[in-house]
Amino acid sequence: MTRNDERMRMLEIENLQAEVAGTQILKGLSLTLNAGEIHAIMGPNGAGKSTLTYTLGGRPGYEVTGGRATFDGQDLLALAPHERAAAGLFLGFQYPVEIPGVSNVQFLREALNSQRKQRGETPLTGGEFLKIARAQADALGLSMDMLKRAVNVGFSGGEKKRNEMVQMGILDPKLAILDETDSGLDIDALRVVGDGINRIMRKPDKAVLLITHYQRLLDYVQPDFVHVLAVGRIVRSGGPELAHELEREGYGAMAA
Amino acid sequence: MTLPLPTRRDEAWRYSDLDALASVWPLAAPERIALGAGERHSRVMIETSGGIVVRDLVIELAAGARLDMHLLNSGARFGRIAIDVTLGSGAEFNLGGVQIGGGEQVLEIITTVRHAAPEATSRQTIRTVLGGQATGTYLGKVAVARAAQKTDSAQSVRAMLLDRTATANAKPELEIYADDVKCAHGCAVGELDARGLFYLASRGLPPPQAKALMLHAFVAEVFADMEDETARETIEAAALAALEALL
């Protein structure tokens, strides 16, 4: 495992502490991602994986009590959730939310144009947007018909995860934090989603933080680094071989 | 002789702004709408101006007549729309109502739907969005006479509170004397789904825009079945403007 320190720092988390409903979940978590890297965080239930995702995304109720997180040179934790998105952060939800009555395309066009506005870019026309949306939907095997339906309403588990990837493709973030994007996927969907992550995010100026229980997504999306999260902090880091070791030996030995 | 001013003891005025009412009392005679047998009519009411608005409608639908009403009650300091409908045999009454209010507005829709004869249908869909210290009320009575077998009536009433200081009152009420009827009613008061708002924000939408998107979907359902596209666009645009003013 070598690390090129010349590379641009994408995300730098230092000694992050966070609590939910008065209970401390993150207990001094430190992690650095450079542009061009894919990192995987693995860990048992209750280690704080989802809390890390939501804290970095700025979800209300996830209170930072100490530490820092710098994203692309900015103080991430000082930004509101929509500002984090405009700065180039994308959250892939473990349980994508259903929003009755709000169509995917309408919401995504508004979201993308709102991001562009915050960045001082001109908004896309309906035609320009639809072209991008169609290309991303095609690549992930989601029909435009589904993309016109209400956000995630009536979607199967696999369709919801594909829809997350379509959204990621349309919004084209710098950093994606994907929380158990592999959960609820069958083998075929896993491959489609894995290909989507590689296609959209494996680029020299982007980075990915994959949060997962299992090795299986990592067969499709090869991480450069693997970290083990246990009781609120990173207890071990290594290369891709660490994921295999975890698969063999379980988390118990690591956390001890 | 003028009628005495109602008091809080009158169920139909229980949540009203009686001081505001006193300033416009006595009320003008109700507006009467009568549709003859088999006649069909649609009516759109958009009440977005300020001040005190008290509308009183008495409607009679003869056998097989159909009236579709869509209304937006959003502008008045005290805005009351009262509708009393009597349905003849096989008649159909559809009401879609949206109320949007903030500040100290008091908005209410009060309906009495009288199924007087068999096989009539009534549908009421009411969506209310309230912020600040506003009060929004729906009191809806469905009275089914003994002769009105095969009545089919439905009330769907939902309110969304944007602030904990706002108040929604919702009372679907059934009075049924026939024994072969279908009378559905559902009623819910809630807040915007925080998970949905965060999801939208995480994609880049600022909170007011995310809320507007969700609230627009909440009320748009009421107007979705309007056949006159121009009228639908007009009332939707007025509702959206009222929502945006609230956020």
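Residue under question is B:Glu244, and the condition is that it be within 14 Å of chain A (Cβ to nearest Cβ), surrounded by fewer than 21 Cβ atoms within 10 Å (Cβ to Cβ) and either part of a strand (DSSP E or B) or modelled with pLDDT of 95 or more (or both); does it hold?
Details: within 14 Å of chain A (Cβ to nearest Cβ): yes; surrounded by fewer than 21 Cβ atoms within 10 Å (Cβ to Cβ): yes; either part of a strand (DSSP E or B) or modelled with pLDDT of 95 or more (or both): no.
Against the criterion (within 14 Å of chain A (Cβ to nearest Cβ), surrounded by fewer than 21 Cβ atoms within 10 Å (Cβ to Cβ) and either part of a strand (DSSP E or B) or modelled with pLDDT of 95 or more (or both)), B:Glu244 does not qualify.
Matching residues to (1) more than 21 Å from B:Leu200 (Cα to Cα); (2) in contact with a helix residue (DSSP H, G or I) (Cβ under 6 Å, 6 or more places away or on another chain):
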site	(1), (2)
A:Gly127	yes, no
A:Arg149	no, no
A:Glu164	no, no
A:Asp172	no, no
A:Gly184	yes, yes
A:Ala189	yes, yes
A:Ala207	yes, no
A:His213	yes, no
A:Phe225	yes, no
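Somewhere in the stretch A:140-149, is a residue in contact with a Ser or Thr (Cβ under 7 Å, 6 or more places away or on another chain) and more than 10 Å from chain B (Cβ to nearest Cβ)? Show your work before the answer.
First, the residues of the stretch A:140-149 that are in contact with a Ser or Thr (Cβ under 7 Å, 6 or more places away or on another chain): A:148-149.
Remaining after also requiring more than 10 Å from chain B (Cβ to nearest Cβ): A:148-149.
Yes, there is a match, as at least one residue in the stretch A:140-149 is in contact with a Ser or Thr (Cβ under 7 Å, 6 or more places away or on another chain) and more than 10 Å from chain B (Cβ to nearest Cβ).
Take the conditions within 14 Å of another protein chain (Cβ to nearest Cβ) and over 30 Å from A:Lys117 (Cβ atoms) and apply them to B:Gly140. Does it pass?
Details: within 14 Å of another protein chain (Cβ to nearest Cβ): no; over 30 Å from A:Lys117 (Cβ atoms): yes.
Against the criterion (within 14 Å of another protein chain (Cβ to nearest Cβ) and over 30 Å from A:Lys117 (Cβ atoms)), B:Gly140 does not qualify.
Let me spell it out: the conditions are (1) more than 24 Å from A:Gln215 (Cα to Cα); (2) over 16 Å from the mean Cα position of the chain (by Cα); (3) not in a helix (DSSP H, G or I), and A:Met146 meets all of them except one. Which number is the exception?
(3)
Look through the stretch B:201-228, keep the residues that are facing chain A (nearest Cβ under 7 Å) and outside any helix (DSSP H, G or I), and return whichever of them is surrounded by the fewest Cβ atoms within 10 Å (Cβ to Cβ).
B:Pro206
Within the stretch A:152-175, is there a residue that is at the interface with chain B (Cβ under 8 Å from one of its Cβ atoms), within 28 Å of B:Ala220 (Cβ to Cβ) and either in contact (Cβ under 8 Å) with a residue 40 or more places away in the chain or within 20 Å of the chain's Cα centre (by Cα) (or both)?
If we filter the stretch A:152-175 for residues that are at the interface with chain B (Cβ under 8 Å from one of its Cβ atoms), which is where we start, we get A:167, A:171.
Imposing the further condition that a residue be within 28 Å of B:Ala220 (Cβ to Cβ) reduces the set to A:167, A:171.
Imposing the further condition that a residue be either in contact (Cβ under 8 Å) with a residue 40 or more places away in the chain or within 20 Å of the chain's Cα centre (by Cα) (or both) reduces the set to A:167, A:171.
Looking for residues that are at the interface with chain B (Cβ under 8 Å from one of its Cβ atoms), within 28 Å of B:Ala220 (Cβ to Cβ) and either in contact (Cβ under 8 Å) with a residue 40 or more places away in the chain or within 20 Å of the chain's Cα centre (by Cα) (or both), one finds at least one in the stretch A:152-175, hence yes.
I'm trying to understand the selection: among the residues of the stretch A:92-125, which are among the charged types (D, E, K, R) and in contact with a helix residue (DSSP H, G or I) (Cβ under 7 Å, 6 or more places away or on another chain)? Steps first, please.
So in the stretch A:92-125, the residues among the charged types (D, E, K, R) come out as A:98, A:109-110, A:116-117, A:119, A:121.
Result: A:Arg109, A:Glu110, A:Arg119.
From the list A:Val192, A:Val208, A:Val231, A:Val235, exactly one residue is in contact (Cβ under 8 Å) with a residue 60 or more places away in the chain and surrounded by fewer than 23 Cβ atoms within 10 Å (Cβ to Cβ). Which is it? Outline the logic, then answer.
Working: A:Val192 fails: in contact (Cβ under 8 Å) with a residue 60 or more places away in the chain; A:Val208 fails: surrounded by fewer than 23 Cβ atoms within 10 Å (Cβ to Cβ); A:Val235 fails: in contact (Cβ under 8 Å) with a residue 60 or more places away in the chain.
Among A:Val192, A:Val208, A:Val231, A:Val235, only A:Val231 is in contact (Cβ under 8 Å) with a residue 60 or more places away in the chain and surrounded by fewer than 23 Cβ atoms within 10 Å (Cβ to Cβ).
Against the condition part of a helix (DSSP H, G or I), more than 14 Å from chain A (Cβ to nearest Cβ), more than 24 Å from B:Ala82 (Cβ to Cβ) and among the acidic types (Asp, Glu), how does B:Glu233 come out, does it pass?
The answer is yes for B:Glu233.
The values are calculated or read from the model by the stated rules, or taken from the named source; none is laboratory data. This one's a predicted model, so the numbers in the text were calculated from it and none came from an experiment. For neighbour counting, all protein chains shown are included, and Cβ atoms are generated from backbone atoms with ideal geometry for every residue, glycine included.
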